[in-house]
Amino acid sequence: MASPPELNDDSDRASWEEECSTSLRILDREQKLLPKIIQSLERIRLGTYGYCLESDEPIGIPRLLARPTAEYCADIKADRELKERVYRD
């Protein structure tokens, strides 16, 4: 990505730029996910994995299967997301 190839065709250049954009999004997502994975492994080590950080209630197997790095049960997470939307707008 640092040294773009010489592309004379506009469609080739657009394809290359789209590939670069996709690669950067994947890299950004992975960089954000890695600390969450490390935190989840630490919670496993401490024996607190699978329990909500706020309410100490079980998160639930279906939610953990869908999102193994979940820190909050579905109810608490929904409340937090609602508050984020309210304060953001």
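Computed from the coordinates by the stated procedures, all read-outs in this text should not be read as laboratory data. Note that the coordinates shown come from a computational prediction; the quantities given were computed from them, not determined experimentally. Here the Cβ is made from the backbone with ideal geometry for all residues, glycine too, and neighbour counts use every protein chain on show.
So here's what we get for this one:
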item	result
Amide proton proximity set for TYR51, modelled H, under 5 Å, gap of 5+	ILE59
Acute angle (nearest 10 degrees) that the helix 10-46 long axis makes with the longest principal axis of the chain, alpha-carbon atoms	20 degrees
Three-way shape call for the chain based on the alpha-carbon gyration tensor, with the a/c threshold at 1.5	prolate
Partnerless Cys - the chain, beta-carbon criterion under 4.7 Å	CYS20
Most mobile of SER15, SER55, SER23 in a GNM of the chain (Cα contacts under 10 Å)	SER15
Helix 74-88 axis, angle to the chain major axis (alpha carbon atoms, nearest 10°)	60 degrees
Reach of LYS77 by Cα under 18 Å, taken over aspartates and glutamates that are not fewer than 8 positions away in the same chain	GLU54, ASP56, GLU57
